[in-house]
Amino acid sequence: MRVAIFDFDGTIYKKETFTLMMEHLKTHPTLKVYKKFYRSILPIYIAYKLKIYPESKMKEQMMERYLKALAGLTEDQLHTFFVELASKMQNDFNEKVLARMEQHTNDGIYNMVVSGAFTPLLSAATTDFPVDELIGTDIPFQQGILQTDVVINHIQAHRKNAAIHSALKGKQIDWENSFAYGDSFSDLSVLELVGNPVAVAPEERLQTVALERRWEIL
């Protein structure tokens, strides 16, 4: 079995979902929580810029603060929220990456999307794409209501690898003839899993690695 593993932010989606999430919260017609949310994330971002927080910790805490801003919403309300958000992405998907996904499907390759973005958002955004397995950051609910007092498992860096191996447990994977697509240096451990890593519009650090190792750059 061959797999093709796709990052989402900067790869399938050309932009960053968190930036779009902030804008969606800021302009939402009924949720009036943006100012409080922004004040809650500002110290985290400053700590990151001052190199007090590593990037992984900063991203995880940003995601947790975002969920806290949505406290009290039901699962159905959150579904609607993320469907609205996904509709704003339609003009910013990477057509070259989507073409690869279609080609892999035609070649009998198992397509996986693995991202730190919230799972309901990924599900809404990739409805029309040939995705066989979707791995994102799950949102905790209790009796249909969002839980904000639970630590989330933000899927990033080494957690992506663990999630991939868990999802594929029991399957015989031909890693040498599999593919992976990513744009960020944090995707490196996933790209190194396969024999066909592809750097998609890579940031500087990943581009350096891709050039040194003669990886494909899309």
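The values are calculated or read from the model by the stated rules, or taken from the named source; none is laboratory data. What you see is a predicted model; the values in this text were computed from it and never measured. All Cβ positions, even for glycine, are placed from backbone atoms using ideal geometry, and neighbour counts span all protein chains on display.
Restricting to the stretch 189-209, what's the tally of residues that are of a type outside the set (Asp, Glu) and closer than 17 Å to Ala4 by Cβ?
Residues in the stretch 189-209 being of a type outside the set (Asp, Glu) and closer than 17 Å to Ala4 by Cβ: 11 in total.
Kindly check whether there is at least one residue in the stretch 186-204 that is touching a Lys or Arg at 6+ places or on another chain (Cβ under 6 Å), over 29 Å from Leu70 (Cβ atoms), touching a residue at least 24 places away in the same chain (Cβ under 8 Å) and surrounded by 18 or more Cβ atoms within 10 Å (Cβ to Cβ).
The answer is no; no qualifying residue exists.
Could you check, for the stretch 193-205, whether at least one of its residues is of a type outside the set (A, V, I, L, M) and under 24 Å from Ile139 (Cα atoms)?
Checked the stretch 193-205: no residue is of a type outside the set (A, V, I, L, M) and under 24 Å from Ile139 (Cα atoms).
Before we move on, is Arg2 surrounded by 12 or more Cβ atoms within 10 Å (Cβ to Cβ) and at pLDDT 95 or above?
Yes: the conditions hold for Arg2.
Collect the residues in the stretch 58-72 that are aliphatic (A, V, I, L, M) and either buried (at least 17 other Cβ atoms within 10 Å of the Cβ) or more than 14 Å from Phe37 (Cβ to Cβ) (or both), keeping them in residue-number order.
Hits for the stretch 58-72 are Met58, Met62, Met63, Leu67, Ala69, Leu70.
Which ones in the stretch 146-173 are free of Cβ contacts under 8 Å to residues at least 24 places away in the same chain and among the β-branched types (Val, Ile, Thr)?
Val150
Looking only at the stretch 114-130, which residues are crowded, with 20+ Cβ neighbours inside 10 Å and either hydrophobic (A, V, I, L, M, F, W, C) or within 21 Å of Glu102 (Cα to Cα) (or both)?
Val114, Ser115, Ala117, Phe118, Leu121, Leu122, Ala125, Thr126, listed by residue number.
Checking the condition among the small types (Gly, Ala, Ser), over 21 Å from Ile164 (Cα atoms) and touching a residue at least 12 places away in the same chain (Cβ under 8 Å), which residue from Ala125, Ala117, Ala71 passes?
Step by step, each of Ala125, Ala117, Ala71 is checked, and only Ala71 is among the small types (Gly, Ala, Ser), over 21 Å from Ile164 (Cα atoms) and touching a residue at least 12 places away in the same chain (Cβ under 8 Å).
Of all the residues that make up the stretch 1-42, how many are β-branched (Val, Ile, Thr), free of Cβ contacts under 8 Å to residues at least 24 places away in the same chain and more than 30 Å from Leu206 (Cα to Cα)?
Counting residues in the stretch 1-42 that are β-branched (Val, Ile, Thr), free of Cβ contacts under 8 Å to residues at least 24 places away in the same chain and more than 30 Å from Leu206 (Cα to Cα) gives 2.
Take residues that are touching a helix residue (DSSP H, G or I) at 6+ places or on another chain (Cβ under 8 Å) and over 18 Å from Val190 (Cβ atoms) and tell me which of the helices (runs of 4 or more DSSP H) falling wholly in the stretch 57-125 contain 2 or more.
75-87, 119-125
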